Amino acid sequence: MEGAHCFPPSVNTCQQTGLELPVIEYTHAGRNCSITGGYVYRGAQLPSLYGAYIYGDFCSGRVWGLHYDGSNVTEHLQLTDTPYAITAFGQAEGGELYILTHDGQIYQFQEAP
């Protein structure tokens, strides 16, 4: 499967028993090419993002946040568009997030000044 679709696309049916389908799908349109999974934000610096799943894209450098209430995505926003090839996210003990990049840098995820 890729998202909620059988893969490769030429396959019309595939075994979905035991699978939990994604709550949202991601397009490869434009510069998007590869999701870099993140974390549910539990920090204190960005209260409006508390409980949001934060994720990015390796190719575009974009970062999104989505709120999910257990049944529906209630909010899905592009949070920033960075120039970085995002390879991973990290989470500090207090719940603040870090973005790790292909060039070996680590950036703290925070509100723009």
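The values are calculated or read from the model by the stated rules, or taken from the named source; none is laboratory data. Remember, predicted model here, so these are calculated numbers, not experimental data. Backbone-built Cβ (ideal geometry, glycine too); neighbour counts: all protein chains shown.
Of 27, 13, which residue is at pLDDT below 90, more than 27 Å from residue 100 (Cβ to Cβ), surrounded by fewer than 12 Cβ atoms within 10 Å (Cβ to Cβ) and among the hydroxyl-bearing types (Ser, Thr, Tyr)? Step through it out loud before you land on a result.
Details: 27 fails: more than 27 Å from residue 100 (Cβ to Cβ).
Answer to the check: 13.
For a quick check of your reading: which strands (runs of 3 or more DSSP E) sit entirely within segment 31-109 and have at least 1 residues that are in contact (Cβ under 8 Å) with a residue 40 or more places away in the chain and either on the phi > 0 side of the Ramachandran plot or under 12 Å from the mean Cα position of the chain (by Cα) (or both)?
Values: elements: 35-40, 53-57, 62-68, 73-81, 86-91, 97-101, 106-108.
Where strands (runs of 3 or more DSSP E) fall fully within segment 31-109 and carry at least 1 residues being in contact (Cβ under 8 Å) with a residue 40 or more places away in the chain and either on the phi > 0 side of the Ramachandran plot or under 12 Å from the mean Cα position of the chain (by Cα) (or both), they are 35-40, 53-57, 62-68, 73-81, 86-91, 97-101.
Applying the selection to segment 69-113, what residues are closer than 20 Å to residue 45 by Cα and aromatic (Phe, Trp, Tyr)?
Within segment 69-113, 89, 98, 107, 109 meet the criteria.
Output the number of the condition that residue 44 fails; it satisfies all remaining conditions of (1) small (Gly, Ala, Ser); (2) modelled with pLDDT under 95; (3) exposed (fewer than 15 other Cβ atoms within 10 Å of the Cβ).
That leaves (2) as the condition not met.
Do you know which of the residues in segment 47-79 that are farther than 16 Å from residue 91 by Cβ and of a type in the set (Ser, Thr, Tyr) is surrounded by the fewest Cβ atoms within 10 Å (Cβ to Cβ)?
The residue in question is 71.
Does residue 36 satisfy being out of contact with any Ser or Thr (no Cβ under 6 Å at 6 or more places or on another chain), farther than 27 Å from residue 94 by Cα and among the hydroxyl-bearing types (Ser, Thr, Tyr)? Even if it seems obvious, please write down each step before you answer.
Working: out of contact with any Ser or Thr (no Cβ under 6 Å at 6 or more places or on another chain): yes; farther than 27 Å from residue 94 by Cα: no; among the hydroxyl-bearing types (Ser, Thr, Tyr): yes.
Judged against the criteria, residue 36 is not a match.
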